[in-house]
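These notes concern the structure reproduced below.
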Number of protein chains: 2
Amino acid sequence: MRLKDLAEHLGLSQTTVSRALNGYPEVNEATRLRVAEAAARLGYRPNASALRLATGRSGAVGLVLRGADELGPHMSEFLSGLGGRLATEEIDILVTTVESYQDEISAYRRLAASQKVDAVILHSPKLHDERAEVLMDLKLPFVLHGRINGDRPVAWLDIDNTGAVERATSHLLDLGHRRIALFNGVKGRTFAEHREIGYLAALSARGVPFDPALMSNSIFTDEVAFRLAQAMLELKPRPTAFLAGSMMTALGIFRAIRQAGLALGKDVSMIAHDDVFPYLNADNMYPTMSTTRSSIRAAGTRIAELILQLLGGKPAEDIHELWPVELVLRESSGPAPTP
Amino acid sequence: MRLKDLAEHLGLSQTTVSRALNGYPEVNEATRLRVAEAAARLGYRPNASALRLATGRSGAVGLVLRGADELGPHMSEFLSGLGGRLATEEIDILVTTVESYQDEISAYRRLAASQKVDAVILHSPKLHDERAEVLMDLKLPFVLHGRINGDRPVAWLDIDNTGAVERATSHLLDLGHRRIALFNGVKGRTFAEHREIGYLAALSARGVPFDPALMSNSIFTDEVAFRLAQAMLELKPRPTAFLAGSMMTALGIFRAIRQAGLALGKDVSMIAHDDVFPYLNADNMYPTMSTTRSSIRAAGTRIAELILQLLGGKPAEDIHELWPVELVLRESSGPAPTP
């Protein structure tokens, strides 16, 4: 049944029916109830474009990238998931690239003023992140990928970074490792703070002292990880295990291990965080890579759902999901070498 | 100097000045000339938003993806370059994901009707590609990434795929290889057709017969390449060299070589096409990978420029760039093994 059919059945104009269904104030209460009842009884479901026309929505979700480099492998996997789900609702993604934090704030103001998007995705949060405040003040609906500290309720989806790293660290401790290096993300970013908490909790539970020389905070590239790992492997005593923050980080660490003449999975162990890139498969590495695994594409798909819920009227404070992370053991992690 | 200042100086309204500068017909010729002269003399340059307001432009460029998988590593690098350049003009990218070819055509109609974008990027072309016809009929400006056959003039940027593969194949022939496998893209796609031409030309120039068993047409993933390479390595005589269509393909071929107990760069050679992914660096591989190299991110940046030129009034038939491709020799390619 189309809007046209419902309108004919009721003897009303399509505009009136559409306004009634979408709660516009110019439709009186009696008509609204009559339309709602008929729609329910006849099984009328508005299609995406009709709904958009009636509600004045733009049919796009916004994503602001700070610097073109933010569109890296993580973001493109996320967007793949997001776009795939939004496509079924004929909703587009409006990507705005800006050069600085201040430009990002300006971009949100511009997006809110132009009504080019119905909602935005707030990503890469810091624990204290005023962007969420700005979006709330602009009344621009948003779903946060990650978490922030703050009193006001926001819709969010995050993975359990603390639990993932705590579990991986504990497993390496079980295998006898005591010098475990954590290759963490940039300081201040929520996920990096959460991973640090998990790491410290696991060490502390076994009474293993924290050595700051074994923790790095950096971007996740092969090149940076290679240099940091080279330096760490020259420490005496050197680390016997590595926690790599991403698969790209794992590649760089692996290269440093190989260059030092060590064997991964025997002399040195590694567990990497795997966001599940189709082209960097942990099972296809040599040796195969032990991972903490959570698909960032699946997170994108789910965030599309959450945006639809938010736009459908579900309160932001009722939208939050914390996803558990799997620990998948393969060949790269083994018992600590005997000293 | 702002539009406001120029208008005050001339004693005209901002609207009139803006229309005069943008060639609207309702401004008479005398005024247009007076405004143009003053603007030139006083050094007035319209800013992006003023221009947009005056011209009724949307300030966005459209990109339609057929299936969420199209947003893979190649597209995300391309978008990085594109977005970085468009950001300086405050132009956004509107990403529409669709599920089929017919949906893609519909999406272009929708984009043209809604005036949500000023231009689109047509990508992943086939040699005979009716999408370009549709866009021309819709009068939706576009720049093509790649090339198509056809009579009507289109703006395009492409890399010299034919030359790249011809050169890589000739180099392997120089090294004594006679069984050279080409891992090519999906049949019908322009770049794959061009690569095949280059491959066949190089073989033919040396009188080496073409063996269809040594050419594959497939998507570029590690997994698919692994299986195809496994099968090819069982041929007797087996190939002694591989041309990998992408770095992901190279990973899969490399895995098959290693699993067959062969040494890359000694028993078997490989040259891979490298679109320059920051996280899959040919120099960081082990052994380092010989490549034909062309940055797809740089192509994205340049296509942003070409779109600006097109929107600035440059005719589509004057916009075409064919980029040469470098051959970078590293450790993975060496002399053919003696039989």
Among the residues of the stretch A:62-81, count how many are in a helix (DSSP H, G or I), of a type in the set (A, V, I, L, M) and touching a residue at least 40 places away in the same chain (Cβ under 8 Å).
-> 2
Which of the residues that make up the stretch A:185-233 are away from chain B (no Cβ under 14 Å), over 28 Å from the mean Cα position of the chain (by Cα) and closer than 18 Å to A:Ala250 by Cα?
-> A:Ala231, A:Met232, A:Leu233
Those residues of the stretch A:293-329 which are assigned to a helix (DSSP H, G or I) and among the basic types (Lys, Arg), in sequence order | A:Arg297, A:Arg302
Surrounded by 19 or more Cβ atoms within 10 Å (Cβ to Cβ) and at pLDDT 95 or above - does that describe any residue in the stretch B:42-58?
-> no
Name every residue in the stretch B:135-177 that is among the aliphatic types (A, V, I, L, M), crowded, with 18+ Cβ neighbours inside 10 Å and within 25 Å of B:Phe78 (Cα to Cα), in order of residue number.
-> B:Leu135, B:Leu140, B:Val143, B:Leu144, B:Ile148, B:Val154, B:Ala155, B:Leu157, B:Ile159, B:Ala164, B:Val165, B:Ala168
Return yes when B:Met285 is under 20 Å from B:Glu326 (Cα atoms), in contact (Cβ under 8 Å) with a residue 40 or more places away in the chain and within 14 Å of chain A (Cβ to nearest Cβ) and no when it is not.
-> yes
Residue list for the stretch A:91-103, filter: in contact (Cβ under 8 Å) with a residue 12 or more places away in the chain, more than 7 Å from chain B (Cβ to nearest Cβ) and surrounded by fewer than 20 Cβ atoms within 10 Å (Cβ to Cβ) = A:Ser100, A:Tyr101, A:Asp103
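Determine whether the stretch A:269-279 contains at least one residue that is among the polar types (S, T, N, Q), at pLDDT 95 or above and closer than 30 Å to A:Asp118 by Cα.
No, that holds for no residue.
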Output the residue which, of all residues in the stretch A:17-41 that are over 17 Å from A:Arg2 (Cα atoms) and modelled with pLDDT under 70, is surrounded by the most Cβ atoms within 10 Å (Cβ to Cβ).
-> A:Tyr24
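The values are calculated or read from the model by the stated rules, or taken from the named source; none is laboratory data. Remember, it's a predicted structure, so these values are computed and weren't measured experimentally. Neighbour counts run over all protein chains shown; Cβ positions are idealised from the backbone, glycine included.
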